[in-house]
Amino acid sequence: MGLAASTNVGASDAVGEGHGTFELFNANGAAAYPNYRKVYADLLVKYRHASLLVEFGNATAAELDELYVAPSTNQFLVPTQISEYLFLGTGLNAQLSYSLSSKWSLQGRYTQIDPEFGGNPRSLVRPAQTFTLGGTRYIAGSAAKLQLQISAVSMAEETSMNAAVALQFGF
């Protein structure tokens, strides 16, 4: 099990890792920025030939009062408008796999992303769901593996199907 949290005081980048991507201001026209908070949790459970991984992440903004979108104006930052500057929302990923004794394994994965302010059409985060089914064949005593997966991705009221083949070698 894992837990992590972070706070970026005065974030000026969409994911909180850079600086100067956007500017906001206080009432005096000086640069002022919101706080960007992230919380993560994950859980990995293994039993015999099965494993389950569940991951959760949430990003929020704080200290939005008295922020303006332009210097020396009376145009306040509307609270939902912060989602146009920072990636805000919740993500969930769950993966289940089962290893067969014949050097095969089967996998399933579900991912869901929800924006904090889904009603804002200009939000950086869009709702999305992904369902994935896959199979893996281990070769040469697990020194290599061949993996096939098929995914259905739903985003912005559109669904697409994707297939992927991967070959991985270990040295």
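The values are calculated or read from the model by the stated rules, or taken from the named source; none is laboratory data. These figures come from a predicted structure and were not determined experimentally. No Cβ is skipped: glycine too gets one built from the backbone with ideal geometry, and neighbour counts run over all protein chains shown. Surface areas here come from the heavy atoms of the whole protein model, side chains and all, with no ligands, DNA or RNA. Shrake-Rupley method; radii C 1.70, N 1.55, O 1.52, S 1.80 Å.
Worth a mention:
- The three principal axes of the Cα atoms in the range 34-86 give end-to-end lengths of 64, 15, 12 Å, sorted in falling order.
- Theoretical FRET efficiency, 1/(1+(r/R0)^6), r = Cβ-Cβ of Ala140 and Leu44, R0 30 Å, to 0.05: 0.70
- Here the 3J(HN,Hα) profile of the range 80-87, calculated from phi with Karplus coefficients 6.51, -1.76 and 1.60 at θ = phi - 60°, is 5, 5, 5, 5, 8, 10, 10, 6 Hz, Gly and Pro shown as x.
- Counting protein heavy atoms only, the chain has 59 percent of its accessible area on carbon and sulfur, 1.4 angstrom probe.
- Ordering Ser101, Ala30, Gln129 by Cα displacement along the dipole of the chain toward the positive end leaves Ser101 in first place; charges were set at the Cβ atoms of Lys, Arg (+1) and Asp, Glu (-1).
- Shape analysis of the chain yields a ratio of the Cα radius of gyration to the Kirkwood radius, Rg/Rh, of 1.12.
- Listed by chain and number, the lysines whose C-alpha is less than 18 Å from the C-alpha of Lys46, apart from same-chain residues fewer than 8 away, are Lys103.
- Once the chain from Ala164 to Phe76 is taken as fully extended at 0.36 nm per residue, the excess over their C-alpha distance is 27.1 nm.
- Our Cα-only numbers for the range 51-137 put the radius of gyration and Dmax at 19.6, 69 Å.
- Per-peptide average of other Cβ atoms within 10 Å, ordering 121-127, 86-92 highest first: 86-92, 121-127
- Relative contact order computed over the range 90-132 (Cα-Cα under 8 Å; 6+ residues apart), in percent: 36
- Assuming charge only on the beta carbon of Lys and Arg (+1) and of Asp and Glu (-1), the dipole of the range 1-130 about its Cα centre is about 840 debye to the nearest 20.
- Across the range 40-170, Cα pairs under 8 Å and at least six residues apart give a relative contact order of 17 percent.
- Over the range 1-56, equivalent-ellipsoid semi-axes from the Cα gyration tensor in Å: 39, 9, 6
- Solvent-accessible ranking of Tyr98, Tyr138, largest area first, probe 1.4 Å: Tyr98, Tyr138
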